[in-house]
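Written out below as C-alpha cells is the structure these notes cover.
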Amino acid sequence: MKPKSTRIKERLHEIIFEADTREGKLFDLTIMALTVSSTIIVMLESVEWMRLKYGQIFYAVEWGFTTVFTIEYLLRLYSVRRPIKYATSFFGVIDVLSILPAYVSLFIPGAQTLLAIRALRLIRIFRVFKLGYFVKEGFIIVTALRASRFKITVFLTFVFLSVIVIGAVMYMVEGGTNKDFSSIPQSMYWAIVTLTTVGYGDLTPITGFGQFLSAFVMILGYAVIAVPTGIVSAEMVRSTKQVVTNTQACPVCSHEGHDNDADYCKYCGSKLNED
C-alpha cells in the first residue's frame, strides 16, 4: 500500500492538473474566475479616480488574490515529482509571473500593474472544458513553431544583418543633409520601421537616392512578412496528423498532449497512471 503522503500528492495532482474529474474541473473554474476578477481589478486600479476612491479596497483584494495564487503555485510544485521541471515549463513560468509583480511592488511602486499577466492563465480554458478541437489546433501551432525555430532564427539573423547594412547606407546617403539620420542606430530604427511596413513617418529621407532606397526597403518588407508565414504554415501542415483529445498531464514532467490510450509519457517516458 502506498504511503499516505504519496496518495495525497497523487490526488492533488489529479485535481490541480487534470480536468477529467468533477473536483478538477471545479478547481480550474474557481481559479479562472479568480483570474478574471483579478485582471479586472488591475485594470480598474489604473483609472485614476477609481484608484483615489477605492485604492485601499483594490489593494486588499489584490493581495487576497495573490495569496490564493501563491498557495496554488506551491501546491502545484508539491504535487509533481519534479518541481523544477514544472517551474521552468510554459505554464509554470506564467504561474510564477502572475504572482511575482505583487511582491516586487513592495520594493518598486507601480510594479503591480504587471499583474495583468495573469490573463495568460486563461489559456487553460480549452483544457478545462474539453474543447478537444481547440486543444488539438493549439498543439499543432506549438509543434509547428517548435519545428520552425531554426529556420526562423536563420531568417531573423538575415533580417538583422540587412537592417545594419541598410541603416549604414542610409546614414551615408542622408547623414550629411538630413538631421533625422544623425547616426547609424537612428538609421537602423528607420530601416526596421520601414522593413516591417509599419511606417511611422517620423523619419523621412529627402535625397533622391534615399527615397529610392526607401521604396526598395518597403517592397522588401512584403517578402519579410511572407517568408516566416510560409515556414510556419508548411510546418503546420506536417503537424496536422498529431491527435490530442484529453487533458491528462504527466505527473513527472507536467507535459500534456497524450493520446487517449497512452500509458507512458511521450516526452519523458514516465508512467502516466500509477495503479
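The figures follow:
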{"item": "Test result for I94, farther than 26 Å from V142 by Cα, part of a helix (DSSP H, G or I), at pLDDT 85 or above and not charged (D, E, K, R)", "result": "no"}
{"item": "Of all residues in region 186-222 being of a type in the set (S, T, N, Q) and in a loop (DSSP other than H, G, I, E, B), the one that is nearest to L156 (Cα to Cα)", "result": "T196"}
{"item": "Any chance Y73 is part of a helix (DSSP H, G or I), closer than 19 Å to K25 by Cα and either assigned by TED's automatic domain parsing to the domain that holds I40 or without any contact (Cβ under 8 Å) to a residue 12 or more places away in the chain (or both)", "result": "yes"}
{"item": "Which numbered condition E48 misses (of (1) in contact (Cβ under 8 Å) with a residue 60 or more places away in the chain; (2) surrounded by fewer than 18 Cβ atoms within 10 Å (Cβ to Cβ))", "result": "(1)"}
{"item": "Identity of the residue in region 80-90, under 16 Å from the mean Cα position of the chain (by Cα) and free of Cβ contacts under 8 Å to residues at least 40 places away in the same chain, that ends up surrounded by the most Cβ atoms within 10 Å (Cβ to Cβ)", "result": "A87"}
{"item": "Tally of residues being surrounded by 21 or more Cβ atoms within 10 Å (Cβ to Cβ) and within 25 Å of V227 (Cα to Cα) across region 165-187", "result": "4"}
{"item": "Residue in region 236-249 that is modelled with pLDDT of 75 or more, over 26 Å from R22 (Cβ atoms) and of a type in the set (G, A, S) present", "result": "no"}
{"item": "Residues being modelled with pLDDT of 90 or more and either of a type in the set (D, E, K, R) or outside any helix (DSSP H, G or I) (or both) - total across region 175-185", "result": "1"}
{"item": "The listed residue being in a helix (DSSP H, G or I), polar (S, T, N, Q) and under 30 Å from V252 (Cα atoms), out of T35, T113, T39", "result": "T35"}
{"item": "Flag if L77 is farther than 17 Å from A119 by Cα, among the hydrophobic types (A, V, I, L, M, F, W, C) and under 24 Å from the mean Cα position of the chain (by Cα)", "result": "yes"}
{"item": "Matching residues in region 188-205 - criterion: being small (G, A, S) and buried (at least 17 other Cβ atoms within 10 Å of the Cβ)", "result": "A191"}
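Residues checked against (1) touching a Leu at 6+ places or on another chain (Cβ under 8 Å); (2) over 24 Å from V93 (Cα atoms); (3) surrounded by fewer than 16 Cβ atoms within 10 Å (Cβ to Cβ); (4) among the hydroxyl-bearing types (S, T, Y):
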{"site": "S5", "(1), (2), (3), (4)": "no, yes, yes, yes"}
{"site": "K9", "(1), (2), (3), (4)": "no, no, no, no"}
{"site": "L12", "(1), (2), (3), (4)": "yes, no, no, no"}
{"site": "E23", "(1), (2), (3), (4)": "no, yes, yes, no"}
{"site": "T30", "(1), (2), (3), (4)": "no, no, yes, yes"}
{"site": "I40", "(1), (2), (3), (4)": "no, no, yes, no"}
{"site": "G55", "(1), (2), (3), (4)": "no, yes, yes, no"}
{"site": "W63", "(1), (2), (3), (4)": "no, no, yes, no"}
{"site": "I71", "(1), (2), (3), (4)": "no, no, yes, no"}
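The values are calculated or read from the model by the stated rules, or taken from the named source; none is laboratory data. Here the structure is a predicted model, which is why all the values come from computation and not from measurement. All Cβ positions, even for glycine, are placed from backbone atoms using ideal geometry, and neighbour counts span all protein chains on display.
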